[in-house]
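What follows is calculated from the coordinates using simple rules that are stated; it is not laboratory data. Predicted model only: the values in this text are computed from it and were never measured. Note that each Cβ is placed from the backbone with ideal geometry, even for glycine, and that neighbours are counted across all protein chains shown.
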Amino acid sequence: MLMTDLIAKKRDGGELSTEEIAFMIEGYTKGEIADYQMSAMCMAILFRGMNDRETLDLTMAMMHSGETIDLSAIAGIKADKHSTGGVGDKTSLILCPMVAACGVKIAKMSGRGLGHTGGTLDKLESFPGFNISIGQRRFIDNVNAIGLSIIGQTADIVPADKKLYALRDVTGTVPSIPLIVSSIMSKKLASGADVIVLDVKCGSGAFMKTEAQARELAEGLTRIGRLAGRRCAAVITDMDQPLGCAVGNAIEVREAISVLKGETKGDLLELCLTLGSCILTEGGLAETTEQARALLQEAVDSGEALKKLAELVAAQDGSAADVYDPVRLPSAPVQLEALSEQSGYVRHIEAEKVGLVSMHLGGGRATKESDIDLAVGLFLHKKVGDRVEKGESLATIHASTPEKAEEAARLLRACYELSDTPVERPAFIKALVH
Ligand code: URA
């Protein structure tokens, strides 16, 4: 088999066979197929697309390029969640304890963030001592003992995606539905869960700018997941402004704790109830969405969900006291209000730019090696639809120095677009895809 022939076949709109796809992924992972050939193939796929059979074969070939996680030693339904990424997205910190408190097992591998704010692992490391490298044995034992564990993704999971994603990133071939679906689903399938829920963001701060694109991706992800034998659902959510109010690391953890305590409602709680009810119904722990939502709400109201987070932190070498008393988490020495220079109604908040403000403060990574300041970030007081008076605070900036705080306040003001006339609050949950 020659890669040149496969490239020409896809370029001309042909369908690649199972064997051809396996040959290409195996050869590329081993370094036997060159980057320039693989990038030509990615561009051909971007223009010509792939049918479901090809996308499933690509997903499975990528999954088999490395280690897969065997969760069979864990009794019960195992669930996992994926988000296509957004600013202020601390959903996993809330959702995982909530569903674990309802009896679903969460054995989750997460990543670190690059750019913007940190990833789930960085946020969890805001708990002093939290250990994300506890090894497979303790990982499985902890899930059996307390119902959840979250660790760092090992380098051995889907090595094909690491190479391929880096290549797509520099060859203009990221926005191809079959390539995105196979990239995301190969990692989710390798992680071993029975139920997978996907949060597909759409809007200016997201990968998919329109609802139609987000729907196409959500349908592709769930279809391939089901064809691979897993139970899947997706939720399409708005990313035209940051999720919740906190953007950073420890500051996002504090917001997550406040949701788990029942003190903060709004879009964040709504998202967790929606994703959580997909998990409970797909997992057979509830018959209807209403029943599932009631179970999840009860987990919050009874304090069981918060207790699960405390158990998670304690089981991974942190202190449960930090969950019950989050003032103990890292906090920045300087706090400054970013005051509005005009009055009006908030029409838009540029989510991506808000993420960059947090990064400038030191809360995100410019390169994989960058250190991250867990204490810095910002807390938005005004969201889309809110009325703002001149001189009122748009957000509190948490910074390491007064100079950085001033600069962040200036940058943050530029993220807000105000209107003279009232603005309707956008629907946050746009659609459910089963
Ligand atoms: N996230 C992934 O993991 N892969 C993609 O291709 C796009 C987003």
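In nm, to one decimal, how far is the residue 162 label point from the residue 406 one, both placed 7 Å along Cα→Cβ?
Taking the simple label geometry, residue 162 and residue 406 are separated by 4.4 nm.
Which of the peptides 331-343, 272-284 is most tightly packed, and how do the rest follow, going by the mean number of other Cβ atoms within 10 Å of each residue?
Ranked by mean Cβ neighbours within 10 Å, highest first: 272-284, 331-343.
Would you work out the Kirkwood radius for the range 330-419? I mean one over the mean of 1/r across all pairs of different Cα atoms, in Å.
About 13.2 Å for the range 330-419.
Taking a quarter of the surface of the convex hull around the Cα atoms of the range 3-49, what do you get in nm²?
Computed as one quarter of the Cα hull surface, the answer is 2.8 nm².
Mean 1/r over all different Cα pairs, inverted: what Kirkwood radius does the range 220-353 give, in Å?
It is 17.6 Å.
Just need the relative contact order of the range 1-144 here, percent rounded to a whole number, with Cα pairs under 8 Å and 6+ apart.
Relative contact order here is 19 percent.
If you take every DSSP beta bridge whose two residues both sit in the chain, what share of them, in percent to the nearest 5, is antiparallel?
50
Sorted by average packing, counted as other Cβ atoms within 10 angstrom per residue and highest first, what order do 20-29, 404-413, 352-361 take? If you can, show how the numbers build up before the last one.
Working: 20-29: 20.6, 404-413: 19.0, 352-361: 23.4.
Put in order of decreasing packing, that is 352-361, 20-29, 404-413.
Can you tell me which of 203-213, 226-236 comes out highest on packing, and rank the rest after it, using the mean Cβ neighbours within 10 Å? Walk me through the numbers before you get to the answer.
Values: 203-213: 17.8, 226-236: 19.7.
Listed from highest to lowest mean packing, they are 226-236, 203-213.
Provide the gained length on full extension for the span residue 288 to residue 67, in nm with one decimal, where the gain is 0.36 nm per separating residue minus the Cα-Cα distance. Don't jump to the answer; show the numbers that get you there.
Working: separation 221, 0.36 × 221 = 79.56 nm, distance 3.57 nm.
The span from residue 288 to residue 67 would gain 76.0 nm if fully extended.
Kindly state, to the nearest 0.05, the FRET efficiency for residue 131 paired with residue 261, given R0 = 30 Å and r defined as their beta-carbon distance.
0.75
Calculate one ³J(HN,Hα) per residue across the range 249-262 by plugging θ = phi - 60° into the Karplus curve 6.51 cos²θ - 1.76 cosθ + 1.60, and present them in order as whole Hz with x for glycine and proline.
3J(HN,Hα) across the range 249-262, in whole Hz: 10, 4, 5, 6, 4, 4, 5, 4, 4, 5, 5, 5, 7, x.
Over all alpha-carbon pairs in the range 204-254, figure out the percentage whose distance exceeds 12 Å.
Taking all Cα-Cα pairs of the range 204-254, the fraction more than 12 Å apart is 69 percent.
For the chain, go through all pairs of different Cα atoms, get the mean of 1/r, take its inverse, and jot down that Kirkwood value in Å.
22.4
Taking the number of other C-beta atoms within 10 Å as the exposure measure, put 91, 288, 401 in order starting with the fewest.
Final ranking by Cβ density, sparse to dense: 288, 401, 91.
Would you calculate the separation in nanometres between label points at residue 335 and residue 304, each defined as 7 Å from the Cα along the Cα-to-beta-carbon direction?
So the two model labels end up 3.4 nm from each other.
Can you give me the angle between helix 289-301 and the longest principal axis of the chain, using Cα atoms only, in degrees from 0 to 90, rounded to the nearest 10?
Approximately 50 degrees, to the nearest 10.
Given a Förster radius of 56 Å and the C-beta distance between residue 8 and residue 270 as r, what FRET efficiency does 1/(1 + (r/R0)^6) yield to the nearest 0.05? If you can, show how the numbers build up before the last one.
On the way: r = 49 Å, r/R0 = 0.88.
For R0 = 56 Å, the calculated efficiency reads 0.70.
For the range 3-49, what does the relative contact order come out to in percent, with C-alpha contacts under 8 Å and a separation of six or more?
Computed over the range 3-49, the figure is 52 percent.
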